[in-house]
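The values are calculated or read from the model by the stated rules, or taken from the named source; none is laboratory data. Note that the structure is predicted; figures quoted are calculated from it, not measured. Here the Cβ positions follow ideal geometry from the backbone for every residue, glycine too, while neighbour counts run over all protein chains shown. Just so you know, the surface numbers come from the protein's heavy atoms only, side chains and all, with ligands and any DNA or RNA stripped out. Shrake-Rupley method; radii C 1.70, N 1.55, O 1.52, S 1.80 Å.
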Amino acid sequence: PTPEGVENVQGALFFRTMNISYNAIQNVILIFPDERPVFLREVNNNMYKCSPYFWAKVISEMPFSIMMPSIFGCIVYFSVGLNPDAGRFFLFLLILILIYNASSGYSLVISCTFSDKQLAVTLTPVLIIPFMLFAGFFVAASNIPVWLREFEYLSIFKYGYQSLMHNQFDHFIEI
């Protein structure tokens, strides 16, 4: 591949990482604030503990959490012209599913932190955009100040983007 082609694929993969993450975040961030009063009332009345609620929520949303990134990945993979190998395609789908679910979990943490839905929606970009900067697309890890490097390891974008890059380019020796 040409250097321009590599840069185009890098940009496409980072955009896919951002897109699937924000999709997951927007799907989850608005749900829990509406469920919060019922959840708190039932937990305070000892009807159940937090863990059964969490696992029930995860399991009930699992079909959507697998189908949504898979459909998105099927459309995007071939329209961008990524590596045509079947194994790499299915790994691409798996990575998107993992990014989607990790972003959903992060979004659930944010929505649990704030009782006001509008405040959660307003502060979500403030809490998420710094993690985008640590992904390695905008700024190289070596250029991040030492006192901020620990945040790099908390970035869902970093792991998702690096996984997609490895999946796409590991078979090229010269890159």
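Hey, could you check the range 1-36 for residues that are in a helix (DSSP H, G or I) and of a type in the set (S, T, N, Q) and say which is farthest from the chain's Cα centre (by Cα)? Looking at the filtered set, the residue picked out is N8.
Residues in the range 1-53 that are open to solvent by 60 Å² or more (accessible area, probe 1.4 Å), farther than 29 Å from C74 by Cβ and in contact (Cβ under 8 Å) with a residue 12 or more places away in the chain: 1 in all.
Which one is surrounded by the most Cβ atoms within 10 Å (Cβ to Cβ) among residues in the range 110-135 that are assigned to a loop (DSSP other than H, G, I, E, B) and over 15 Å from the mean Cα position of the chain (by Cα)? That would be F114. Could you list, in sequence order, the residues of the range 74-100 that are modelled with pLDDT of 95 or more and within 22 Å of S155 (Cβ to Cβ)? Selection gives L91, F92, L93, L94, I95, L96, I97, L98, I99, Y100.
One residue alone among F151, F138 is in a loop (DSSP other than H, G, I, E, B), open to solvent by 50 Å² or more (accessible area, probe 1.4 Å), at negative phi and out of contact with any Ser or Thr (no Cβ under 7 Å at 6 or more places or on another chain), and that residue is F138. Checking each residue in the range 94-113 for being under 15 Å from F15 (Cα atoms) and not β-branched (V, I, T) picks out L96, Y100, S103. Scanning the range 65-84 for residues being out of contact with any His (no Cβ under 8 Å at 6 or more places or on another chain) and in contact (Cβ under 8 Å) with a residue 12 or more places away in the chain gives a total of 12.
Residues that are open to solvent by 20 Å² or more (accessible area, probe 1.4 Å) and either in a helix (DSSP H, G or I) or within 27 Å of A56 (Cβ to Cβ) (or both) within the range 75-88 comprise I75, F78, S79, V80, A86, G87, R88, listed in sequence order.
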